There are 2 protein chains.
Amino acid sequence: MAPGAPARDQTALARLAVNTIRFLAADAVEKARSGHPGMPMGMADVAFVLWTRFLRYQPQDPQWPDRDRFVLSAGHGSMLLYSLLHLAGYDLSLGDLMRFRQLGSRTPGHPEHGLTPGVETTTGPLGQGFGNGVGMALATRMLAARVNSPDFAPVGHRVFGIVSDGDLMEGVASEAASLAGHWGLGNLIYIYDDNHITIEGDTALAFSEDVGRRFDAYGWQVLKADPYDHAALEHALEQAVADTTRPSLVITRSHIGYGAPHKQDTREAHGEPLGTEEIAAAKRALGWPEIPTFTIPDDVRALFAQRAVDVRPEYDAWHRGLKAWMARDPERGRVWLDHVEKRVPADIMERLLAEAPTEAGATRVHGGAVLQRAAALIPALVGGSADLEPSTKTRLPGASVQRGTYGGRNLHFGVREHAMGTILNGLALHGSFIPYGSSFLVFTDYARPAIRLCALMEQQVVWVLTHDSVFLGEDGPTHQPIEHLGSLRAIPGLLVVRPADGPETAGAWALALERRTAPTLLALTRQSVPALERPTALTSADVRRGAYLLRAAAGSDPVTIIATGSEVWVALGVARELEARGRAVRVVSAPAPQLLLACPKTEVEALLGPQHRRVTLEAGATDYWLRFTGDRGLAIGIDRFGASAPHTALQGHFGLTPERVAARIREWLG
Amino acid sequence: MAPGAPARDQTALARLAVNTIRFLAADAVEKARSGHPGMPMGMADVAFVLWTRFLRYQPQDPQWPDRDRFVLSAGHGSMLLYSLLHLAGYDLSLGDLMRFRQLGSRTPGHPEHGLTPGVETTTGPLGQGFGNGVGMALATRMLAARVNSPDFAPVGHRVFGIVSDGDLMEGVASEAASLAGHWGLGNLIYIYDDNHITIEGDTALAFSEDVGRRFDAYGWQVLKADPYDHAALEHALEQAVADTTRPSLVITRSHIGYGAPHKQDTREAHGEPLGTEEIAAAKRALGWPEIPTFTIPDDVRALFAQRAVDVRPEYDAWHRGLKAWMARDPERGRVWLDHVEKRVPADIMERLLAEAPTEAGATRVHGGAVLQRAAALIPALVGGSADLEPSTKTRLPGASVQRGTYGGRNLHFGVREHAMGTILNGLALHGSFIPYGSSFLVFTDYARPAIRLCALMEQQVVWVLTHDSVFLGEDGPTHQPIEHLGSLRAIPGLLVVRPADGPETAGAWALALERRTAPTLLALTRQSVPALERPTALTSADVRRGAYLLRAAAGSDPVTIIATGSEVWVALGVARELEARGRAVRVVSAPAPQLLLACPKTEVEALLGPQHRRVTLEAGATDYWLRFTGDRGLAIGIDRFGASAPHTALQGHFGLTPERVAARIREWLG
């Protein structure tokens, strides 16, 4: 297609609207001297048709529970989304658009959920939005199965998205696509911006697969449409909406930088400003005024405003219907609120602690028991595993979610940790579920981009990671986490909790459920650990502090051993060993050391004692603990890869028996 | 298929051989009381046909360059591989098999490259082996293009592998499969153990896609064969070998735990011992003696031994041919040795330092310049990018590797960081290339499992990661690394180098090229940084120490600022600022602090000064630096997510201008 070639089946007003989108994006990128103009210019028509004829939204109420969701998985095209939000009437001004990519603006380089009204998820790292949308579509089906009634259906929304070549190359999108097909998510519609251009050049450099055939193999409906033929697009989207048993991929062969005489269909249009001359030439080619920049014709404003007006009756009827339905059927109304408010009992901590497992056992087993209790109290709590549920002990009562039956609470993600992460994020973002996902701790490496984005988006997601140290034993170094606890604690906003026994595991789950705007990761043992003897029951204050004194010293100038998880009972053994030789020892259990760091310094110092008498003990990399030990304390851990052997053999091998640790501390004390 | 149903088209001897494999695996798992018997029992026939009729190897010379490679991507089936290696005559005794999963044995829970002769790659984390095999097949094609001659072709080997449901669910395998199809790797043959069982139960729980159709869409030849019909298997493998322009996937509908009367086709057969009764019953069903365990009939030993004898003439001819060819054509002989010895000049450090860039500029640009020089000296150095080469500056002269033309040095991975990682590992493992891969630092999160396995396997791979801090600017927090430097330094064996200017970048590349048995990661800036003024030229000793004194103090009781990368010039500015106010300041540039930690403690202390006068400065999480600052020094960095803005605005926002840092230090000094 020649740059600026006339598009088909467009009214003059439609043409005006798509060029408005196009040049808002190009002008904003130019003003910022940074950004991605090509995608918005190429996909303006698709966005226009979708946002004015299909997407159901009310800009004054971006949180309307039954709104359709729009996911821009190709987050680098953020100016497309910002232009749409502004035109659609969301609280995003032309001034905001003019401050694109500037410090403190609501129009950052990539869309950020929570910062900009109407942005449903944070995108940019490719493939993530694709998976988030799958999670949102799944949440919609799951919520509908719980509340929709013959007389009123509060859940009727769909998920639409735009995905790029890059999204479809990322493995996480492949995983999520396979699951979307498996689950039969007919309420999910992705439009593929098939522009044949990547950063290195033509997509043919690295991407020659038959995408349509691949998605067909996943069980998707695959459609094609000319993205510049509005009638054809509309027809394809209608077909997509009509198929309610399969997700749809609408492939649109688009032209990046559409209308730019020298840069259309080139990689230069992708990630840098067009330049003033090229923008001027593009505007001339498309019959657009060169100045002023950021032009929005009144007719275009009116056209977009009409969409909100058109949807308004449906919006009002929905609210009236919901109110009447909740009055008629308080039981279902409660279910609705349990979900859309993600209700968690205010005393969840006390309740879980009161019923905590008190016997010896693996903390993964304790975790399973606590999860059952939590799930009984919190209907919004749903989750599953990346094919390790018999090991992670995370199955809830009742059915599994499967194609056509979405009323259950158990999700089977298959061996797809990364898609699981993106889908958990989507479930949380949708607004009706508190999702958990489980695997082995070492496999968080497969899902890190999703875990990080969850923290950035401040979403409540719980990760249940078992087999949390070399003491998983025989599976060996490929399965044994070393650096993982520390490198997960380093993700801003992610809380890692590694409980030592049943009560601490109850506390860990309670922390996760109390933290409404952040993800929490539970690290649980494969191997059995003793029930800790406590002078008094574990308190919620102890849990929330992240660390507490488990054992007081029997003498003066004591050493304080600060341990987590399966090393706490070792620390107690060390204490007995050393006290038998005349050295007083305190033991601090620190399941969540990150919380301790938020406490007043005097409180931390009182709990941990002087640095030259501190020893930390965790069966993993010592890096994290050096902040507590400094150059005078002693950090004991494992700073090399693990080994395949029974876990009792590994205790000796890595010097983590009470006897070996005690000997090491004696040596350090001199 | 009923448990133990008679297989078709097998000779009595073949049946004896497959049952030998089957029960060696089951007995070893039983003895270890841990492991995965089901896969070896189900795939014994496939392995037998492959290893006795197709795979070209010489057990006395596991490093024969022209051997076929065998990849067990489903690494949990390790006992299948160990049984094969023992039977085939590799240096792996029956005693080794009996010590399966025990401390210090050569038969760990999952296969570990470097520990066990004949194990081509470390597998277990699913999808990794799949990608490694693609890398090996690519390496084979690339080496063949460089050396194969009309009169002698030293490279004729193929890559065979067994992959599982779990492998095919993982996104990394999807990425790698798409690339293998794109590159037309007809020398790659994977057999898919389609056993319908995963850990949670039937694969139908989460995996209902049409795998064959998906691989067809990637451009693979897709074949099906009954895995218990040896003639059919042989026929399918012949077809697979015959197609030299497409990789092949041979789908075999197998039965996990084949022969176990109660556990065949159940998830129980997957990951736990069968139990003595069930093993006994399986042995009875298959006509196998119940005792002694670890039975190997002499005929079976002889049959496997024959394979080595059969291949021997080819092996001998290859060596004769190579010798004669190298004598005839010394030029090609040199190319051969440059690759199979991965030759790096002994003085690479001095040569790269001597020609280092000395101007101001982004270290990614310096990195590009140094890479050109290194590539001119090292023919085995090849690499590419996950679609970011124009940004990472990693393109070499000459052609790109594409389907049918493998002589170039530039690889295009598309937006597939994880597959890139596994393929880099495969290129390194193959034994003929020193591969590098590039992306943005934040996207190492997508490839962490591959990076970790590379470190575990001690392979020389170079990661070139640019855009190494918030100072990449406008792309915002989704693209800005915070915790990455620290969490990568925490991976045992991975060296992270963050140079500050041109000479340090040359040193960084030299370190990476000198480290023959470990991966190295270079963290480079997007933004321009000044050329540092040095009293004397940067020495190789400074580089190898990982840190050196860049600026001496002009007075007594100095503060020492230890900085990396783009913060080194800031530290120099701080020094000027503070010295103007009468506080002496030393500046240590520490591009590779991990190396410093390996130095004698006195040397470290002499370089860094007393802890209460130490300040560390890096635009990322401070975690890593606390080992140097303890509780008395000051670690300055960024412990929260980034922001979208021009990088100059971000310097102020994050308090990392010389003025702000100086003010913070003054405050700390009190």
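If I filter the range A:605-649 down to residues being β-branched (V, I, T) and within 32 Å of the chain's Cα centre (by Cα), which single residue comes out as nearest to B:C454 (Cα to Cα)? Break it down stepwise before answering.
We begin by selecting, within the range A:605-649, every residue β-branched (V, I, T); these are A:615-616, A:622, A:629, A:636, A:638, A:648.
The next check asks that each one be within 32 Å of the chain's Cα centre (by Cα); those that pass are A:616, A:622, A:638.
On the way: A:T616: 29, A:T622: 21, A:I638: 19 Å.
That would be A:I638.
In summary, A:T602 fulfils each of the numbered conditions (1) without any contact (Cβ under 8 Å) to a residue 24 or more places away in the chain; (2) in a strand (DSSP E or B); (3) not charged (D, E, K, R) with the single exception of condition (2). Number of residues in the range B:605-628 that are part of a helix (DSSP H, G or I) and under 30 Å from B:H467 (Cα atoms): the value is 8.
On the basis of being farther than 20 Å from A:M39 by Cα and either surrounded by 24 or more Cβ atoms within 10 Å (Cβ to Cβ) or within 14 Å of chain B (Cβ to nearest Cβ) (or both), does A:S178 make the cut? It is true that A:S178 is farther than 20 Å from A:M39 by Cα and either surrounded by 24 or more Cβ atoms within 10 Å (Cβ to Cβ) or within 14 Å of chain B (Cβ to nearest Cβ) (or both). In the set (1) crowded, with 24+ Cβ neighbours inside 10 Å; (2) away from every other protein chain (no Cβ under 14 Å); (3) not charged (D, E, K, R), A:A541 fails one condition alone, (1).
Could you list all residues from the range A:635-653 that are free of Cβ contacts under 8 Å to residues at least 24 places away in the same chain and touching a strand residue (DSSP E or B) at 6+ places or on another chain (Cβ under 6 Å)?
Initially, the range A:635-653 is screened for residues free of Cβ contacts under 8 Å to residues at least 24 places away in the same chain, giving A:635, A:637, A:648-649, A:652-653.
A:A635, the sole residue that qualifies.
The single condition among (1) in a loop (DSSP other than H, G, I, E, B); (2) away from every other protein chain (no Cβ under 14 Å); (3) β-branched (V, I, T) that B:V568 does not meet is (1). Check whether at least one residue in the range A:255-270 is among the aromatic types (F, W, Y) and either modelled with pLDDT under 95 or in contact with a Leu (Cβ under 8 Å, 6 or more places away or on another chain) (or both), and report yes or no. Scanning the range A:255-270 turns up no residue that is among the aromatic types (F, W, Y) and either modelled with pLDDT under 95 or in contact with a Leu (Cβ under 8 Å, 6 or more places away or on another chain) (or both).
Checked against (1) out of contact with any Asp or Glu (no Cβ under 7 Å at 6 or more places or on another chain); (2) within 13 Å of chain B (Cβ to nearest Cβ); (3) buried (at least 20 other Cβ atoms within 10 Å of the Cβ); (4) of a type outside the set (V, I, T), A:P610 passes all but condition (3).
To keep it simple, each residue is scored yes or no on (1) at the interface with another protein chain (Cβ under 8 Å from one of its Cβ atoms); (2) within 22 Å of B:A490 (Cα to Cα); (3) surrounded by fewer than 24 Cβ atoms within 10 Å (Cβ to Cβ); (4) at pLDDT below 95.
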site	(1), (2), (3), (4)
B:L411	no, no, no, no
B:R416	yes, no, no, no
B:M420	no, yes, no, no
B:A447	no, yes, no, no
B:R452	yes, yes, no, no
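Restricting the first member to the range A:38-61 and to residues that are under 17 Å from A:A231 (Cβ atoms), and the second to residues that are surrounded by fewer than 24 Cβ atoms within 10 Å (Cβ to Cβ) and among the small types (G, A, S), the beta-carbon pairs closer than 9 Å and six or more apart or on different chains are A:D45/A:A7; A:D45/A:A14; A:V46/A:A225; A:F48/A:A14; A:V49/A:A14; A:W51/A:A88; A:T52/A:A14; A:T52/A:A88.
For (1) under 26 Å from A:G171 (Cβ atoms); (2) surrounded by fewer than 24 Cβ atoms within 10 Å (Cβ to Cβ); (3) not aliphatic (A, V, I, L, M), each residue gets a yes or a no:
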{"position": "A:V462", "(1), (2), (3)": "yes, no, no"}
{"position": "A:D475", "(1), (2), (3)": "yes, no, yes"}
{"position": "A:V496", "(1), (2), (3)": "yes, no, no"}
{"position": "A:D501", "(1), (2), (3)": "no, no, yes"}
{"position": "A:T505", "(1), (2), (3)": "no, no, yes"}
{"position": "A:A518", "(1), (2), (3)": "no, yes, no"}
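Of all residues in the range B:280-297, at least one satisfies being surrounded by fewer than 17 Cβ atoms within 10 Å (Cβ to Cβ), without any contact (Cβ under 8 Å) to a residue 40 or more places away in the chain, more than 19 Å from B:H36 (Cα to Cα) and of a type in the set (A, V, I, L, M, F, W, C). Against the numbered list (1) in contact with a strand residue (DSSP E or B) (Cβ under 9 Å, 6 or more places away or on another chain); (2) away from chain B (no Cβ under 14 Å), A:T121 comes up short only at (2).
Among residues of the range A:96-123 that are among the aromatic types (F, W, Y), those with a Cβ under 6 angstrom from a residue that is surrounded by 24 or more Cβ atoms within 10 Å (Cβ to Cβ), sequence gap 6+ or separate chain, pair up as A:F100/A:A28; A:F100/A:T107.
Yes/no per residue for (1) touching a Gly at 6+ places or on another chain (Cβ under 7 Å); (2) crowded, with 24+ Cβ neighbours inside 10 Å; (3) farther than 15 Å from A:S248 by Cβ; (4) not acidic (D, E):
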site: A:A139; (1), (2), (3), (4): yes, yes, yes, yes
site: A:A145; (1), (2), (3), (4): yes, no, yes, yes
site: A:D151; (1), (2), (3), (4): no, no, yes, no
site: A:V155; (1), (2), (3), (4): no, no, yes, yes
site: A:S164; (1), (2), (3), (4): no, yes, yes, yes
site: A:G171; (1), (2), (3), (4): yes, yes, yes, yes
site: A:W183; (1), (2), (3), (4): no, yes, no, yes
site: A:Y190; (1), (2), (3), (4): yes, yes, no, yes
site: A:L205; (1), (2), (3), (4): no, no, yes, yes
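Screening A:E389 on (1) touching a helix residue (DSSP H, G or I) at 6+ places or on another chain (Cβ under 9 Å); (2) more than 24 Å from A:V147 (Cβ to Cβ) shows it passes everything except condition (1).
Only one of the numbered conditions (1) surrounded by 24 or more Cβ atoms within 10 Å (Cβ to Cβ); (2) of a type outside the set (V, I, T); (3) touching a Phe, Trp or Tyr at 6+ places or on another chain (Cβ under 8 Å) is not met by B:E200, and that is (3). Looking only at the range B:139-195, residues that are among the aromatic types (F, W, Y) and part of a helix (DSSP H, G or I) come to 1 in all. The set of residues from the range A:571-599 being among the small types (G, A, S) and not in a helix (DSSP H, G or I) comprises A:G582, A:A584, A:S589, A:A590, A:A592, A:A598.
Quick check on A:R640: is it farther than 15 Å from A:R664 by Cβ, modelled with pLDDT under 95, not in a strand (DSSP E or B) and not aliphatic (A, V, I, L, M)? No: the conditions fail for A:R640.
A quick yes/no check of all residues on (1) of a type in the set (A, V, I, L, M, F, W, C); (2) more than 14 Å from chain A (Cβ to nearest Cβ):
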{"site": "B:L427", "(1), (2)": "yes, yes"}
{"site": "B:G476", "(1), (2)": "no, no"}
{"site": "B:I482", "(1), (2)": "yes, no"}
{"site": "B:L488", "(1), (2)": "yes, no"}
{"site": "B:L494", "(1), (2)": "yes, no"}
{"site": "B:R498", "(1), (2)": "no, yes"}
{"site": "B:R515", "(1), (2)": "no, yes"}
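Residues in the range B:181-204 that are more than 11 Å from chain A (Cβ to nearest Cβ) and within 22 Å of B:L80 (Cα to Cα): B:L188, B:I189, B:Y190, B:I191, B:Y192, B:D193, B:D194, B:N195, B:H196.
Against the criterion of being more than 10 Å from chain A (Cβ to nearest Cβ) and not acidic (D, E), B:V172 does not qualify. Counting only helices (runs of 4 or more DSSP H) wholly contained in the range B:290-399, the ones carrying 2 or more residues that are closer than 30 Å to B:L84 by Cα occupy B:298-328, B:330-340.
The values are calculated or read from the model by the stated rules, or taken from the named source; none is laboratory data. Since the model is a prediction, treat every value here as computed from it, not as a measurement. Virtual Cβ from ideal backbone geometry, glycine too; neighbours counted across all protein chains shown.
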